[in-house]
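Novice: Could you have a look at this structure, given as structure tokens, before my questions?
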Amino acid sequence: MRKTKLFCLPYAGGSASIYNRWKQHLGADIELVTIELAGKGRRIGESLYQDLSEAVQDVYKIIKKDLADAPYALFGHSMGGLISYELAQRVRANGLPAPVHIFFSGKSAPHIEREDEKKYHLMDDEEFERELIHLGGTPPEFFESPELAGIFLPILRSDFKMAQTTTNKGVIYPLNIPITVFLGKKDDQTPEQCDGWKFHTTKGCTLHYFEGGHFFLHDEMHPILKIINRTIRDSYDDGHL
């Protein structure tokens, strides 16, 4: 039985290393493939992306060679979920094999824009820092070092700008791929934003809610991976792989 590659994309400000703990908890039939984005982790010396399209094209080039070799799935949290969505659309447009499943985490349906949505990248540094701490992804101690803040605030601001980019302007192009959506009960998303994912697939959409806010991903690792393992195993049982 061929292993299913699970391509994982990080959230804004995160590197591929956020998924390192996953490897020992994934099923034997799953190969973890973490995607490092430009300007982060081992690619820290590379220029940041100018926009979402550039990020999607870069990730597409990274994984393109592997798409025909084995079945694969996509996972992305927050900004990583948006890139995964756009990546799946790029794969379809180029006629390459589609993922057997996509897991979106901490990301609202991409066609819904809220008038009251916070524009993090437009905030001044003080407000931006305060909002980052409130989201829970960045410890307050991070901002106590001017050197670290000077390096990483521009990276975070660039990521948030990209994460809040909308390319389809409310238009829906349903994927012919089953999707699973992981959401935090205390995250700042409306029921419409969560349920809206059901319009983005013709193959079924399952929503799972977890305790916590935007970064529930870390506290709920084990139940999330249990669902991923079962979902990919069921793809074999259904004859999709």
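Novice: Could you identify the single residue in LEU132, LEU156 that is modelled with pLDDT of 85 or more and closer than 19 Å to LEU217 by Cα?
Specialist: Numbers: LEU132 fails: modelled with pLDDT of 85 or more.
Step by step, each of LEU132, LEU156 is checked, and only LEU156 is modelled with pLDDT of 85 or more and closer than 19 Å to LEU217 by Cα.
Novice: Please find, among SER53, SER84, SER78, SER47, the residue that is modelled with pLDDT under 95 and surrounded by 20 or more Cβ atoms within 10 Å (Cβ to Cβ).
Specialist: Going through SER53, SER84, SER78, SER47 in turn, just one is modelled with pLDDT under 95 and surrounded by 20 or more Cβ atoms within 10 Å (Cβ to Cβ): SER78.
Novice: So LYS161 passes all but one of these: (1) closer than 21 Å to GLN50 by Cα; (2) part of a loop (DSSP other than H, G, I, E, B). Which condition number does it fail?
Specialist: (2)
Novice: Looking only at segment 191-241, count every residue that is β-branched (Val, Ile, Thr) and part of a loop (DSSP other than H, G, I, E, B) and tell me the total.
Specialist: Counting residues in segment 191-241 that are β-branched (Val, Ile, Thr) and part of a loop (DSSP other than H, G, I, E, B) gives 1.
Novice: Inspect segment 101-114 for any residue being of a type in the set (A, V, I, L, M), over 30 Å from ASN176 (Cα atoms) and modelled with pLDDT under 95 and give the result as yes or no.
Specialist: No; the residues of segment 101-114 include none that is of a type in the set (A, V, I, L, M), over 30 Å from ASN176 (Cα atoms) and modelled with pLDDT under 95.
Novice: Pairs under 6 Å by beta carbon, first residue at positive phi in segment 169-180, partner of a type outside the set (Phe, Trp, Tyr) and part of a loop (DSSP other than H, G, I, E, B), six or more apart or different chains?
Specialist: Here the result reads GLY170/HIS111, each pair linking segment 169-180 to a residue that is of a type outside the set (Phe, Trp, Tyr) and part of a loop (DSSP other than H, G, I, E, B).
Novice: Between TYR236, TYR173, which is of a type in the set (Phe, Trp, Tyr), over 19 Å from the mean Cα position of the chain (by Cα) and at pLDDT below 95?
Specialist: Answer to the check: TYR236.
Novice: Under 7 Å between Cβ atoms, at least 6 apart or on separate chains: pull out the pairs that start in segment 127-144 with a residue that is within 17 Å of GLY14 (Cβ to Cβ) and end on any residue that is β-branched (Val, Ile, Thr).
Specialist: Cβ pairs passing all conditions: LEU132/THR138.
Novice: Just need a number here: residues in segment 66-116 that are of a type in the set (Gly, Ala, Ser), outside any loop (DSSP other than H, G, I, E, B) and closer than 23 Å to ILE18 by Cα.
Specialist: 7
Novice: Across segment 56-67, what is the number of residues that are surrounded by 16 or more Cβ atoms within 10 Å (Cβ to Cβ) and out of contact with any helix residue (DSSP H, G or I) (no Cβ under 6 Å at 6 or more places or on another chain)?
Specialist: 3
Novice: State yes or no: is GLU117 among the acidic types (Asp, Glu), modelled with pLDDT of 85 or more and surrounded by 12 or more Cβ atoms within 10 Å (Cβ to Cβ)?
Specialist: Numbers: among the acidic types (Asp, Glu): yes; modelled with pLDDT of 85 or more: no; surrounded by 12 or more Cβ atoms within 10 Å (Cβ to Cβ): yes.
Considered against the rule, which asks whether it is among the acidic types (Asp, Glu), modelled with pLDDT of 85 or more and surrounded by 12 or more Cβ atoms within 10 Å (Cβ to Cβ), GLU117 comes out as no.
The values are calculated or read from the model by the stated rules, or taken from the named source; none is laboratory data. Just so you know, these numbers come straight off a predicted model, no measurement behind them. Every residue, glycine among them, receives a Cβ derived from its backbone with ideal geometry; neighbour counts consider all protein chains shown.
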